[in-house]
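Encoded as structure tokens, the structure appears first; notes follow it.
Each value in this text was obtained by applying a stated rule to the coordinates, not by laboratory testing. Because the structure is a prediction, the values reported are computed rather than measured. Note that we place each Cβ from the backbone using ideal geometry, even for glycine, and neighbour counts take in every protein chain shown.
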Amino acid sequence: MRISFHGGHSGDYCDHAGGKLEDVVRRAIATGFTHYGLSEHMPRVRDEDLYPEEIQRSRNPEQLRRMFAFYIQEARQLQYKYKNQIHLLVGMETELLEQNDFSPIDRICKTYTPDYLVGSVHHINRIPFDYNPAEFKKLESMLGGTEAVFCAYYDAQFQLMQHLQPHVVGHFDLIRLYRPDFVLSPTVWEKIERNLSFGISYDALFEINARAFKKHSNHPYPHPEILNLLLTLGGKVTLGDDSHHPDDVGLHFDRLFQFLQEQKISSLYVLEKDQQGRLNQKSVRISPF
Ligand SMILES: [Zn+2]
Ligand SMILES: [Zn+2]
């Protein structure tokens, strides 16, 4: 069974992605996905927070908001068009630019009512720490070292989880991207355990994210040590390809399934929308193909 609850970024609606949204969906169907969650990035609301590729295209926040509105509209059409072929959800991946600044997320959720949320943090103090190594370094000098950056990340994630209770927690330890060998201190572990436990308390699904393989890691997010703790605590997991192009759909799922086997994970969770529009979790057995 192939499933993904994080991805479907496309060149139609995201300047660091490529290809067409409908081709993402068609590819998911053609390669045997039964469930696919589209989770386009939430639009950022300030000029200062635009990414270089957006500045290059002379975007502004109002344009990003309009692109997002068109994304929701097309995704809803595709959800209907392909409803007999795939269980498609229309979701959104969150941003938290600054700690405790939830008004942009709240506004977007209220206006566009996505089916579900992927709770992700890509910024600390408005700095996009996963954009390139220089941004990460900037943050280290600002906060006083790698441990401080990790702590700030898990605190921001905790705030996000408390505020939104996202259905899916996205790439839980993305903060390791440029510091994969950083040894986690007891203080960081405490925060990790706190966040995992909180997610479990409100019945979150934690995404095992295959895009880490694309970024030259030999395991997905989260790191096996964190995943083990999550499973010991009784957490539920789902999968995400975090696709940014139709060619990314299911990318590295062969390695992902091998990893699941090594970790002895035999059941995953999916989200399904019922006739009344309610979102339900369902447990599924793993079979790679
Ligand atoms: Zn992206
Ligand atoms: Zn992300």
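Observations
- A Cβ-based charge dipole, computed about the Cα centre of the range 2-285 with Lys and Arg at +1 and Asp and Glu at -1, lands at about 720 debye.
- Whole-angstrom Cα spans of the range 2-285 along principal axes, big to small: 51, 48, 33
- The trypsin sites (Lys or Arg not before Pro) of the range 89-187 meeting both criteria, a DSSP state outside H, G, I, E and B (loop) and at most 13 other C-beta atoms within 10 angstrom of the site's C-beta, are R126.
- Using a cutoff of 8 angstrom between alpha carbon atoms and counting only pairs six or more residues apart, the relative contact order for the range 1-99 works out to 33 percent.
- Per-peptide packing, taken as the mean over residues of other Cβ atoms within 10 Å, places 189-196, 154-161, 268-275, 210-217 in the sequence 154-161, 189-196, 210-217, 268-275 from highest down.
- Candidate aspartates and glutamates for bridging to K81, where Cα separation is under 14 Å - those fewer than 8 sequence places away on the same chain excluded: E22, D23
- Taking the number of Cβ atoms within 10 Å of each Cβ as an exposure proxy, the fewest-first ranking of C151, C109, C14 is C109, C151, C14.
- Look at the dipole of the range 2-285 built from charges on Cβ: of I226, C109, A212, the Cα furthest out on the positive end belongs to C109.
- Across the options Q157, A28, Y82, the greatest Cα extent toward the positive end of the charge dipole of the chain (unit charges at beta carbon of Lys, Arg, Asp, Glu) belongs to Y82.
- Under 18 Å from K214, Cα to Cα: aspartates and glutamates that are on another chain or at least 8 residues apart: D130, D173, D181, D241, D242, D247, D248, D254
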